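Reading through the structure tokens given below for one structure.
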Amino acid sequence: MTLFTYEEALEKLRKNLEAIEETEKVSLARAASRALAEDFFAEIPYPPFDNSAVDGYVLGNPLDGQTRWKVKRAIYAGETSSQEIEPGCALRIFTGAPVPAGAYAVVMQEDVEILGEEITLKKGIPPKGVNIRRKGDDFMKGTLLLHRGSELNAGALALVVSQNKTSIEVFRTPKIAIISTGNELVEAGRELPPGHIYDTNRIMLETLLKREGFDTVSVLLPDDEGEIVKFLQTFAGECDAILVTGGASVGEHDFLPKIVERMGEVIFHRVAIKPGKPILFGKIEGTPLFGLPGNPSSAFVCFEIFVREAILRVSGYKDVAPIWVKAKYFDEHSPHPRDEFISARCEYENGELVARKVREQGSFGLHALADANCLVRIPANCTHTPGDLHPVLLLR
Ligand code: AMP
Ligand code: MG
């Protein structure tokens, strides 16, 4: 069976995902990190009025040959006075205070000499308009401030508030189902019978999903085709995406590919990556489904390089492709026919990004995952010399 390349698989993934349709209005206190469901335009220009950029003196239009300026009064931030400034006069002014009509420029207080009730300008008369932040300098009424599908991050919410809004339309939070499958799996809190291991994938995936603000529901199932089908049916109806771990490969108990084929469609299965080769992506009743390998490192890597982006797209976000930067990788690496993703720690050292493998890691391992802060991607068949640059995905 030929394997898809990572890029081929990503392309298929992106082509086959749609954002959920339902949106809701939420208060800004609940809007953090949600996906904006409308294009958001400015109704109020920003800044909303001409104001001073510095603490200093606002000048009226200079008179011919003028060297001394009489300081008449002070304007503080928050004042509403609309009195004009006369030519040849100066007013004391502070940052954010309204600049009066008729103003020529503002001079920083460090650039004046005070002579009783008058000032002189150490650097002479400045160009017109200096140190005045004009109404609408940042954006005018009608400007498209935020696109539908953008993340309501801190800056975005500040923009929204600048428009006197206390609530905003966002996409509904998606609900993601997690199904751990395996006869050998035991829930923590129970005694471990011989030949069994604790189900570590469920909490790992739940944590990754909750971190993005998604709701989750999860279940641990044996390798029982009937049980798996039953839960897939339920979750396909109730959830926006399904993650199954275990049983995605080609073993005798690996039912998932056949089940998905029967109940819906397999869009890709088996990708030339290490770890994570058995990954499957498909749909059941229109609900996206991932079959993730049961090995914890494999499930983790697949989440980072496929699943997060997919679910963010389902949530309504645009521009969610993972961002890879380059770092020098100092460990040894022998060429491998699949793209390899290594759990590593990345640091900024002497002006450059440097990544080092956290410890020896098998796809069954857990220890490396806890320490890693990035994944290093080494392309298939790459002849690597320690210190070569490779793409690195910083983990959240
Ligand atoms: P599978 O993908 O079902 O062939 O499982 C591959 C390996 O991952 C086996 O060694 C499983 O015991 C292990 N495994 C599967 N599911 C989990 C899980 N939920 N937590 C921890 N290990 C798992
Ligand atoms: Mg299994």
Unmet criterion (only one of (1) in a strand (DSSP E or B); (2) open to solvent by less than 20 Å² (accessible area, probe 1.4 Å); (3) within 16 Å of ligand 2 (Cβ to nearest atom); (4) not aromatic (Phe, Trp, Tyr)) for ILE228: (1)
Residue match in the range 307-328 (condition: crowded, with 17+ Cβ neighbours inside 10 Å and within 16 Å of ligand 1 (Cβ to nearest atom)): yes
Test for GLU265: is it touching a Lys or Arg at 6+ places or on another chain (Cβ under 9 Å), away from ligand 1 (no atom under 15 Å from the Cβ), closer than 23 Å to GLU238 by Cα and charged (D, E, K, R): yes
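Does GLY129 meet the test of being part of a loop (DSSP other than H, G, I, E, B) and more than 37 Å from the chain's Cα centre (by Cα)? Talk me through it step by step, then tell me what you get.
Numbers: part of a loop (DSSP other than H, G, I, E, B): yes; more than 37 Å from the chain's Cα centre (by Cα): yes.
Against the criterion (part of a loop (DSSP other than H, G, I, E, B) and more than 37 Å from the chain's Cα centre (by Cα)), GLY129 qualifies.
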Long-range neighbours under 8 Å by Cβ, at least six apart or interchain, first residue over 18 Å from VAL250 (Cα atoms) within the range 278-301, second within 10 Å of ligand 1 (Cβ to nearest atom) and small (Gly, Ala, Ser): SER297/SER363
Any hit, the range 65-77, residues being assigned to a loop (DSSP other than H, G, I, E, B) and under 27 Å from SER162 (Cβ atoms): yes
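Quick one: in the range 170-195, which of the residues that are away from ligand 1 (no atom under 13 Å from the Cβ) and in contact (Cβ under 8 Å) with a residue 60 or more places away in the chain is surrounded by the most Cβ atoms within 10 Å (Cβ to Cβ)?
If we filter the range 170-195 for residues that are away from ligand 1 (no atom under 13 Å from the Cβ), which is where we start, we get 170-177, 189-191, 193-194.
When the remaining residues are screened for being in contact (Cβ under 8 Å) with a residue 60 or more places away in the chain, the result is 170-177.
Details: VAL170: 21, PHE171: 21, ARG172: 18, THR173: 20, PRO174: 23, LYS175: 16, ILE176: 28, ALA177: 23.
Among residues in the range 170-195 that are away from ligand 1 (no atom under 13 Å from the Cβ) and in contact (Cβ under 8 Å) with a residue 60 or more places away in the chain, the one surrounded by the most Cβ atoms within 10 Å (Cβ to Cβ) is ILE176.
Considering each of ALA355, ALA344, ALA370 in turn, give the residue that is open to solvent by 50 Å² or more (accessible area, probe 1.4 Å), over 19 Å from LYS277 (Cβ atoms) and among the aliphatic types (A, V, I, L, M). Please lay out each step first, then the result.
On the way: ALA355 fails: open to solvent by 50 Å² or more (accessible area, probe 1.4 Å); ALA344 fails: open to solvent by 50 Å² or more (accessible area, probe 1.4 Å).
None of the others qualify; the one that does is ALA370.
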Selection within the range 255-274 - within 15 Å of ligand 2 (Cβ to nearest atom) and either touching a Ser or Thr at 6+ places or on another chain (Cβ under 6 Å) or without any contact (Cβ under 8 Å) to a residue 24 or more places away in the chain (or both): LYS258
Neighbours by Cβ (under 6 Å, 6+ apart or cross-chain): first from the range 13-28, in a strand (DSSP E or B); second surrounded by 17 or more Cβ atoms within 10 Å (Cβ to Cβ): THR23/ALA37; THR23/PHE171; GLU24/ARG172; VAL26/VAL170
Tally of residues being loosely packed, with under 15 Cβ neighbours inside 10 Å and touching a helix residue (DSSP H, G or I) at 6+ places or on another chain (Cβ under 8 Å) across the range 231-249: 1
Single residue of the range 275-286 satisfying the filter (away from ligand 2 (no atom under 16 Å from the Cβ), in contact with an Asp or Glu (Cβ under 9 Å, 6 or more places away or on another chain) and open to solvent by 10 Å² or more (accessible area, probe 1.4 Å)) that is farthest from ILE228 (Cα to Cα): GLY286
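Return a yes/no flag: does the range 227-239 have any residue that is in contact with an Asp or Glu (Cβ under 6 Å, 6 or more places away or on another chain), within 15 Å of ligand 1 (Cβ to nearest atom) and of a type in the set (A, V, I, L, M). Break it down into steps so the answer makes sense when it comes.
Filtering the range 227-239 down to residues in contact with an Asp or Glu (Cβ under 6 Å, 6 or more places away or on another chain) leaves 236.
Subsequent filtering for residues that are within 15 Å of ligand 1 (Cβ to nearest atom) retains none.
Taking every residue of the range 227-239 in turn, none turns out to be in contact with an Asp or Glu (Cβ under 6 Å, 6 or more places away or on another chain), within 15 Å of ligand 1 (Cβ to nearest atom) and of a type in the set (A, V, I, L, M).
The values are calculated or read from the model by the stated rules, or taken from the named source; none is laboratory data. If you're wondering where the values come from, they're calculated on a predicted model, not measured in any experiment. Quick reminder, even Gly has a Cβ in these numbers, built from the backbone with ideal geometry, and neighbours come from all protein chains shown. We work out accessible area using only protein heavy atoms, side chains counted, and drop any ligands, DNA or RNA first. Shrake-Rupley method; radii C 1.70, N 1.55, O 1.52, S 1.80 Å.
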